Amino acid sequence: MGIQLLTGLVQITLHFLQLLLSHYRLRQHIKECLVERAYHDPDIEVRQKAAFQLAICYSVGFGCSRNEMEAEKWLKLSKNPTSELSSAIFFLRDEQDIVYENKAIVALVRNGNFQSLEYGLEYRQEPSLHKVEEEYKREIHDLSAALGPDHVGVLILRMILAGIMMDQGRFPEAEQAVRQTLDMYTARLGPGHQETLRCTNVLATILEENDKFDESKSLHKIVLEQRVRLLGPNHLDTLESARQLSTVLQSLGEYDEAGAMATRDYEGRLVVLGEKHPAVYESMANVASITQDMGHLNDSVWWNERALEGRTQVLGREHPQTLTSMSNLASVLQELGEYEGAEPLFLEDLELSRRTLGEEHQDTITALSNLGLLYMDMERYDESEQITRDALTMGEKVQGHDHSATLIGRSNLALVLERTERYGEAEELLREVLHSREKLFEPSNLLIATSMYNLAQNYAHQGRLEEAMRLHDEALQIRKTKLGEKHPFTLESMAEVGHIMRVWHRFLEAEDLLRTVLRSRVEALGYDHSDTHDALGELICVLHDQGKSKEVAEELGRFAEAQGAEEESDEEIVQ
């Protein structure tokens with residue numbers, strides 16, 4: 001079986017960078033097919049051409065380990081002089097940009113419509129991710145030796161390897177690798193080159209995962225500004241930058257700006273791509289997520305329903321993106337307390353994930369866990385516990401004891417146990433999660449703060465308020481430092497500290513904290529959000545404890561008046 005490009009043999013030198021962007025097994029397959037043609041093709045000229053391509057493969061490590069003796073052997077069989085091979089290697093060494101001959105593909109690339117593989121998702125199907133990584137490391141080593149460590153092909157492979165690390169949740173490793181690669185891109189191509197900007201974008205995404213939100217936000221803004229200047233405001237790469245900036249702004253709790261960026265992305269894609277395009281549905285899902293965090297749950301339902309309907313029509317009911325929309329819609333309905341609407345969606349997500357991805361796929365495990373948490377809210381505790389245990393067992397088997405997804409599964413089980421007042425069992429699980437995260441991350445990591453918060457809540461349920469206060473205070477300090485004083489997570493911790501102070505009759509300190517929480521939630525979320533209502537309730541309680549009846553009445557009156565004004569303003573906007 002030979003591999004052909006149109007009517008002739010594949011020319012590695014002409015398609016080298018494109019081939020590096022493809023699945024690594026394709027490169028191995030090309031090399032194997034060339035061997036077949038070099039030995040068995042009836043045409044001697046074809047055999048010699050195949051032999052020359054194999055000499056290139058072994059010279060640079062394309063589809064095989066770099067081997068100069070093998071390269072020399074195949075060069076002799078090709079009947080080409082050494083200078084011919086040297087010229088081919090020089091041509092590869094000098095290659096800097098991916099060039100497409102097909103004009104239609106050129107237009108797609110120029111407009112941002114041509115996307116590369118999602119390598120992390122692609123390689124999840126491989127029996128051993130370790131072997132995939134080793135192959136990429138081998139290719140990077142061989143290509144660096146043949147063409148130089150800053151060759152664009154080497155940088156492409158380094159970015160793919162970083163993507164595989166990211167998909168496994170190994171963000172600190174990925175950050176280090178991408179920072180080094182970005183330095184090389186900048187030195188070789190310049191700071192304004194599209195590949196340099198693409199690498200900067202990836203680094204910004206990794207920084208968000210590593211809790212470095214301010215640096216992530218800064219880099220995303222730089223890339224967005226550069227792309228607006230170089231490509232225009234409605235180029236798909238520019239719009240993707242706006243979408244990615246919206247996600248880090250969402251993480252920072254800067255919802256108004258996040259919403260503006262997400263809307264900019266959605267409206268731009270709608271104009272460029274039309275309504276029935278997968279990328280437009282991705283933008284819809286992003287808007288839905290931000291509106292959900294802002295507490296506009298009915299709006300979020302509307303956006304999620306549109307995304308689900310569109311993805312079902314265009315991609316099919318079993319497509320992973322359709323299943324994501326199904327789960328997203330179900331989660332908003334769950335938050336609204338519309339459990340009868342959420343349950344069939346979660347069940348369908350689980351059934352289709354099992355059928356299309358398999359029982360042991362992470363998306364299937366997540367779908368199972370989501371169903372367990374829904375049943376917890378529905379007070380179907382026996383079913384909830386069994387399903388959540390099944391999800392945890394499967395996660396430990398597939399991902400390992402300390403994988404980030406497994407730790408979330410363990411926390412979910414603890415939450416279910418707490419609902420049935422089995423605080424001792426839940427405490428043991430939460431301690432495990434905190435210990436694992438302390439081994440994996442720096443002390444100031446937000447996941448550690450989350451674990452501290454969860455364990456503190458467990459202690460509070462058991463009446464161990466001093467231990468709870470210590471952990472809540474530590475979590476509060478981390479969240480303040482990482483996210484700022486007005487972020488929802490910071491306010492969540494602040495509210496719990498205020499609650500314990502109230503129990504301890506430290507009313508003035510509690511009142512001061514709870515007023516801060518209420519004021520910040522009103523600013524960020526408005527008067528009609530459930531978190532704002534909770535903050536008002538806590539403040540009213542601490543005022544009542546102090547006998548401040550007049551202030552209670554004033555606070556309630558002021559809140560009702562402001563809430564009414566906000567509702568009138570919303571009605572005017574709708575009209």
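To the nearest 20 Debye, how big is the dipole of the chain about its Cα centre, given +1 on the beta carbon of each Lys and Arg and -1 on that of each Asp and Glu?
2760 debye
Taking other Cβ atoms within 10 Å as a rough exposure proxy, 57, 541, 33 sort from fewest to most as 541, 33, 57. Compared with the direct C-alpha span, the chain from residue 134 to residue 170 gains 11.4 nm at full extension, assuming 0.36 nm per residue.
Since only 429, 289, 185 are under comparison, the one whose Cα sits farthest along the positive direction of the charge dipole of the chain, derived from C-beta charges on Lys, Arg, Asp and Glu, is 185. Computed with the Debye formula from one identical point scatterer per Cα of segment 4-101, without solvent, the log10 of I(q)/I(0) at q = 0.10, 0.17, 0.23 Å⁻¹ comes to -0.24, -0.72, -1.33. Legend: calculated FRET efficiency, residue 228 to residue 44, from the Cβ-Cβ distance at R0 = 51 Å, rounded to 0.05, equals 0.35.
Note on 302, 74, 504: ascending count of other Cβ atoms within 10 Å places them as 504, 302, 74, the fewest first. Placing pseudo-labels 7 Å out from each Cα toward the beta carbon at residue 13 and residue 420 gives an inter-label distance of 7.0 nm.
Placing R0 at 41 angstrom, the Cβ-Cβ distance between residue 302 and residue 442 gives a FRET efficiency of 0.55 after rounding to 0.05. Were the residues from residue 393 through residue 76 laid out at 0.36 nm apart, the gain over their Cα-Cα distance would be 108.4 nm.
Taking 25 °C and 0.890 mPa s as the conditions, I'd like the Stokes-Einstein D for the chain in µm²/s, using the Kirkwood hydrodynamic radius from alpha carbon pairs.
Answer, rounded: 91 µm²/s.
In terms of packing, defined here as the mean over residues of other Cβ atoms within 10 angstrom, the peptides 523-530, 276-283 line up highest first as 276-283, 523-530.
With a Förster radius of 25 Å applied to the beta-carbon distance between residue 335 and residue 541, the computed FRET efficiency rounds to 0.55. When segment 176-236 is described by a simple charge dipole with +1 on each Lys and Arg Cβ and -1 on each Asp and Glu Cβ, the residue from 220, 210, 194 located farthest towards its positive end is 194.
Of the residues 202, 503, the one with the fewest other Cβ atoms within 10 Å heads the list, and the complete ranking is 503, 202. Quick one: which of 217/486; 31/131; 76/137; 221/482; 212/486 span more than 25 angstrom between C-alpha atoms? Distance filter (> 25 Å) returns 76/137. Were the residues from residue 312 through residue 562 laid out at 0.36 nm apart, the gain over their Cα-Cα distance would be 85.8 nm.
Where a number appears in this text, it was derived from the coordinates with a stated rule and is not lab data. Just so it is clear, the model here is predicted, and its values are computed rather than measured. Cβ coordinates were reconstructed from backbone atoms using ideal geometry, including for glycine residues, and neighbour counts include every protein chain displayed.
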